[in-house]
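Asker: Before we start, here is the structure in question, set down as structure tokens.
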Amino acid sequence: MKIERLIGILAVLLQKEQVTAPYLAEKFEVSRRTINRDVEALCQAGIPIVTTQGKHGGISIMEGYRMDRTLLTSKDMQAILAGLRSLDSVSGTSRYRELMEKLSVGDSQVLSSNNHIQIDLSSWYRSTLAPKIELIQDAIERNRRITFTYVSPKGESKRCVEPGLLIFQWASWYVWGYCLSRKEFRLFKLNRISELICTGEVFEARPVPAPELSAERIFSGELKVKALFDSRARWRLMEEFGSDSFREQGDGKLLFSFGFSDRENLFGWILSFGAQAELLEPETLRRELHEILKAACGKYEAADMGFKENGAL
């Protein structure tokens, strides 16, 4: 990408007195003509770059205007590298590490250090997630519409979207874009997307509003819940909701209080604890959960009867 190359060229010029166009062309794997255009773009951005001809000529930043070469310290570069590694963990490529190599201009100390920080944004779904991210990223950069099938609690629907942002939030990946059927910007979770296609249809870029991603808005917590847990569930409560979400009782059990956005999510979560959890409030949902459990027990009892009859035969 051009912006990555411009940043890389600027990083080189900050760390070297003078370089040649052939050197930059080889380093960034482009033509000398492209390098000349990039240098012109940097000049237009207000960076006074000087080019001199002849045997000892080359490209440099104007003397007396040179920025402090410690603008990015070794620690700064290491922090940047940690972040870039995390992006490579999603795509499964080394694209961002290669960019870092260009920014560091061969400083092996930067590339070899900072290994005590590992950020991995990949998931169990890497084999299906990485191609989606790559396709959407390309569609955003080239202003191309995408279509896909989306599954939500309300059902399945076909969507055509003008993508604006890729977002990593709440341990999941999302695409934020203008939905042509809803006539507004919507947030779509990538793991719920299937049959993703870039249509090749160009759309005119429009201002992309910042999505409202506060936990209070997305996870409203309208259902105020109280539940009693066995002490063996402490680790999960701490991991998923924090230690402030429960209070230990005199008998060692844990009284849990929290807000949920919908009943389906609540029921699924409570049932995942098996006999270690008891929903106390609200009473209406407690009764509804009781009916769900009775219906489930009925299915297993009917199945057990069938097994016994078949065994008797």
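The values are calculated or read from the model by the stated rules, or taken from the named source; none is laboratory data. Just so it is clear, the structure is predicted and the values come from calculations on it, not from any experiment. Don't worry about glycine lacking a Cβ; one is built from the backbone with ideal geometry, like all the others, and counts go over all protein chains shown.
Asker: Condition first: basic (K, R) and in contact with a strand residue (DSSP E or B) (Cβ under 7 Å, 6 or more places away or on another chain). Now tell me which residues in region 173-202 satisfy that. Walk me through it before giving the result.
Answerer: As a first pass, look at region 173-202 and keep what is basic (K, R): 182-183, 186, 189, 192.
Of everything in region 173-202, those that are basic (K, R) and in contact with a strand residue (DSSP E or B) (Cβ under 7 Å, 6 or more places away or on another chain) turn out to be R186, K189, R192.
Asker: Among all residue pairs at least 6 apart or on different chains, which show Cβ distances below 8 Å where the first residue, located in region 223-246, is under 16 Å from Q276 (Cβ atoms) and in the same structural domain as S257 (by TED's automatic domain parsing) and the second is among the basic types (K, R) and in a helix (DSSP H, G or I)?
Answerer: F246/R234
Asker: Can you spot a residue in region 206-228 that is farther than 26 Å from G259 by Cα and part of a strand (DSSP E or B)?
Answerer: Among the residues of region 206-228, not one is farther than 26 Å from G259 by Cα and part of a strand (DSSP E or B), which makes the answer no.
Asker: Continuing with the same structure: Filter region 167-203 for residues that are in contact with a Leu (Cβ under 8 Å, 6 or more places away or on another chain), crowded, with 17+ Cβ neighbours inside 10 Å and either of a type in the set (F, W, Y) or not in a strand (DSSP E or B) (or both) and give the result.
Answerer: W173, Y174, W176, L190 - these are the residues of region 167-203 that are in contact with a Leu (Cβ under 8 Å, 6 or more places away or on another chain), crowded, with 17+ Cβ neighbours inside 10 Å and either of a type in the set (F, W, Y) or not in a strand (DSSP E or B) (or both).
Asker: Which of the residues belonging to region 267-287 are surrounded by 14 or more Cβ atoms within 10 Å (Cβ to Cβ) and among the charged types (D, E, K, R)?
Answerer: Correct list: E278, R286.
Asker: Another question about this same structure. Are there any pairs with C-beta distances below 7 angstrom linking a residue in region 179-190 that is small (G, A, S) to a residue that is surrounded by 14 or more Cβ atoms within 10 Å (Cβ to Cβ), with the two at least 6 apart or on different chains, and if so which?
Answerer: Going by the 7 Å Cβ cut-off, the qualifying pairs are S181/R159; S181/C160.
Asker: Still on this structure: Could you say which residue among D138, D120 is surrounded by fewer than 17 Cβ atoms within 10 Å (Cβ to Cβ), within 30 Å of G8 (Cα to Cα), modelled with pLDDT under 70 and outside the structural domain of L24 (by TED's automatic domain parsing)? Can you show your working first?
Answerer: On the way: D138 fails: modelled with pLDDT under 70.
D120 is the lone residue from the list that is surrounded by fewer than 17 Cβ atoms within 10 Å (Cβ to Cβ), within 30 Å of G8 (Cα to Cα), modelled with pLDDT under 70 and outside the structural domain of L24 (by TED's automatic domain parsing).
Asker: Looking at region 209-227 only, could you name the residues that are hydroxyl-bearing (S, T, Y) and at pLDDT 60 or above?
Answerer: Going through region 209-227, the residues hydroxyl-bearing (S, T, Y) turn out to be 214, 220.
Answer for region 209-227, where residues must be hydroxyl-bearing (S, T, Y) and at pLDDT 60 or above: just S214.
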